[in-house]
1. Return the ratio Rg/(2.2 N^0.38 Å) for the stretch 193-304, where Rg is computed over Cα atoms only.
2. In what order, largest first, do Glu198, Glu294 sit by accessible area if the probe radius is 1.4 Å?
3. Using the Kirkwood formula on the Cα atoms of the stretch 165-206, what hydrodynamic radius do you get, in angstrom to one decimal?
4. Using helices alone, what [θ] at 222 nm do you get for the chain, with -39,500 (n - 2.57) per DSSP H run of 4 or more residues, divided over all residues and rounded to the nearest 500?
5. Suppose we keep just the alpha-carbon trace of the stretch 7-87; what are its Rg and Dmax in angstrom?
6. For the stretch 12-160, divide the Cα radius of gyration by the Kirkwood radius and give the resulting Rg/Rh value with two decimals.
7. Given q = 0.21, 0.31, 0.33 Å⁻¹, what are the Debye log10 I(q)/I(0) values for the stretch 239-283, with equal point scatterers placed on the Cα positions and solvent ignored?
8. Sort 125-134, 249-258 by the packing proxy (mean of other Cβ within 10 Å over each peptide's residues), most packed first.
Amino acid sequence: MEFPSKTETSAKYACWKNGKMITPEQSVVSIYDHGFLYGDGCFEGLRFYNRNPFRLDRHLKRLRRSLKALDIKIQYSDDDIRKAISECIANSALNDGYLRILVTRGEGDMGLNPQNCRAPNVFIIPALLSLVNDNARREGVRLITSSIRRAVGTGLDPRVKSLNYLHSILARAEANAAGVEEAILLNQFGTVAECSAENIFIVNGGVLFTPPVNDGALEGITREAIIEISHSIGIQISEMSLTQYDLYNADECFICGSGARLIPVKSIDGRPIATCPGNVFNIISIHFQSLIDEECEKVADEAH
Ligand code: PMP
């Protein structure tokens, strides 16, 4: 089978579906799949560097937690998924890229009763993903506060990486309408949760602050790496509820995620952030790159 090997962000690559490599044209789901009908499913998004997935263990653990929360049982072990990911990366011919692991509850009836879905569908989809252009990445992005709230304790736990991203999509649409790059979602109590697809950090007086996950933030794997880095290099870090006032008055602000990596913030709701990119951001970014180099190189060495 011939697979495309393009390098544009719109390029489509061979995918893995339920144990088989398939072309992008074959990667379809039934209209009765509850992932399609109801957003019933979950996913992971991760990056690979030098053909090695970054922190795959943690992504698999988070996937398992989402699956448990949704009570979806898949027939594939973590090792099966690892092998499938290697196959997808090899087929893509990309050295660096992005991967989505996606699980739907599978085909059922038109009604939403999950009991009627017997076989979940599992996909692995390689892609090139670039959230902002190089200029915005260097000079910082502008954020607005969205009117959309990330509700905590009122329904689906925001830690589940579910297929329903409408909160985030509506928030991003507000950012588009305001002519800025990204939007912040507050929770229903008015404290900061996260951005549409990134966690958020501020720096004040040399101390890093980020909202705790029970304020409505996803337990981001990039966020976790930043917390680890700050411990290892002696930057004080505090997981603390933050308000818009805290963000506006920060010395520095940045956002992070597997797709975004680390991006400095230059303004929030039209108020310029004091320094962008700031010193703490620059130091953390260097260490984050070293972590990628170390961890993604090491796996390659072991494989030889
Ligand atoms: N919050 C949301 C809503 C996200 O979709 C993402 C991207 N997965 C993140 C935060 C960042 O998480 P991670 O660093 O694990 O990609």
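The values are calculated or read from the model by the stated rules, or taken from the named source; none is laboratory data. Remember, predicted model here, so these are calculated numbers, not experimental data. Every residue, glycine as well, gets a Cβ built from its backbone with ideal geometry; the counts of neighbours run over all protein chains shown. Areas reflect the complete protein model, heavy atoms only, side chains present, ligands, DNA and RNA absent. Shrake-Rupley method; radii C 1.70, N 1.55, O 1.52, S 1.80 Å.
1. With N residues counted in the stretch 193-304, Rg over 2.2 N^0.38 Å equals 1.09.
2. My answer, sorted largest first, is Glu294, Glu198.
3. 11.1 Å
4. Mean residue ellipticity at 222 nm (helix-derived): -10000 deg cm²/dmol.
5. Gyration radius and largest Cα-Cα distance of the stretch 7-87: 13.8, 38 Å.
6. Using only Cα positions, Rg/Rh for the stretch 12-160 is 1.00.
7. The Debye formula, applied to the Cα set alone, gives -0.72, -1.15, -1.17.
8. Per-residue mean Cβ counts within 10 Å order the peptides as 249-258, 125-134.
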